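For reference, the structure discussed in these notes is given below.
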Amino acid sequence: MFFLWLLNEPSRIKSKHMCYIENTANTIFLSSMSIAELMIKKLIGKLNFNFDIMVMTENMGLEVLSFNGVDAIQLGGLQLHNKDPFDRMIISQALANKFTIISYDSKFECYDCKLI
């Protein structure tokens, strides 16, 4: 949802996160798992949007982070604090790549990943 807020409701994003995102020295990634979740929710009618996610990520200067085998292996070692498979894949990507996550989901705090 953070990506959709960034597009449609930036006022919902904390100022410290906006400062981080707007800092051109930082590379901001959008997980391919976030894109998969958005597409599934659109398919089943939980979300309605009419834009090309890949075009929007490019326009926003975001990099898409692909989910790979190393990320999948990291996923196998995670405790089940969070049962949402998309969240768990994002966490495993962050851990495998030593990246920091921006999330407002308190369940992310149960993992040993860096959060802003």
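Only residues that are at pLDDT 95 or above and in a helix (DSSP H, G or I): list them for region 22-44, please.
The answer is Ser32, Met33, Ser34, Ile35, Ala36, Glu37, Leu38, Met39, Ile40, Lys41, Lys42, Leu43.
Give me the pairs, please: first residue somewhere in region 49-60 and closer than 14 Å to Ser32 by Cβ, second residue anywhere and of a type in the set (Val, Ile, Thr) and part of a helix (DSSP H, G or I), beta-carbon distance under 6 Å, and either six or more positions apart or on two chains.
Ile53/Ile35
Quick check: anything in region 2-18 surrounded by 11 or more Cβ atoms within 10 Å (Cβ to Cβ) and of a type in the set (Ser, Thr, Tyr)?
Looking for residues that are surrounded by 11 or more Cβ atoms within 10 Å (Cβ to Cβ) and of a type in the set (Ser, Thr, Tyr), one finds none in region 2-18, hence no.
Which one of these does Asp84 not meet: (1) under 15 Å from the mean Cα position of the chain (by Cα); (2) within 19 Å of Trp5 (Cα to Cα)?
Going through (1) under 15 Å from the mean Cα position of the chain (by Cα); (2) within 19 Å of Trp5 (Cα to Cα) one by one, Asp84 breaks only (2).
Which residue is surrounded by the fewest Cβ atoms within 10 Å (Cβ to Cβ), if the candidates are limited to region 66-93 and must be among the hydrophobic types (A, V, I, L, M, F, W, C), at pLDDT 95 or above and within 14 Å of Met33 (Cα to Cα)?
If we take residues in region 66-93 being among the hydrophobic types (A, V, I, L, M, F, W, C), at pLDDT 95 or above and within 14 Å of Met33 (Cα to Cα), then Ala72 is surrounded by the fewest Cβ atoms within 10 Å (Cβ to Cβ).
Please determine, by comparing only the residues of region 6-21 that are in a helix (DSSP H, G or I) and free of Cβ contacts under 8 Å to residues at least 24 places away in the same chain, which one is farthest from Thr57 (Cα to Cα).
Looking only at region 6-21, we keep the residues that are in a helix (DSSP H, G or I), and these are 6-8, 10-12, 15-21.
Next, from what is left, pick out any that are free of Cβ contacts under 8 Å to residues at least 24 places away in the same chain: 8, 10-12, 15, 18-19.
Values: Asn8: 13, Pro10: 15, Ser11: 19, Arg12: 19, Ser15: 20, Met18: 16, Cys19: 18 Å.
The selected residue is Ser15.
Go over the candidates Ala96, Ala36 one by one and state the one that is loosely packed, with under 15 Cβ neighbours inside 10 Å and either on the phi > 0 side of the Ramachandran plot or of a type in the set (Gly, Ala, Ser) (or both). First the steps, then the outcome.
Numbers: Ala96 fails: loosely packed, with under 15 Cβ neighbours inside 10 Å.
Only one candidate qualifies: Ala36.
The values are calculated or read from the model by the stated rules, or taken from the named source; none is laboratory data. Computed from a predicted model, the values in this text were never measured in an experiment. For neighbour counting, all protein chains shown are included, and Cβ atoms are generated from backbone atoms with ideal geometry for every residue, glycine included.
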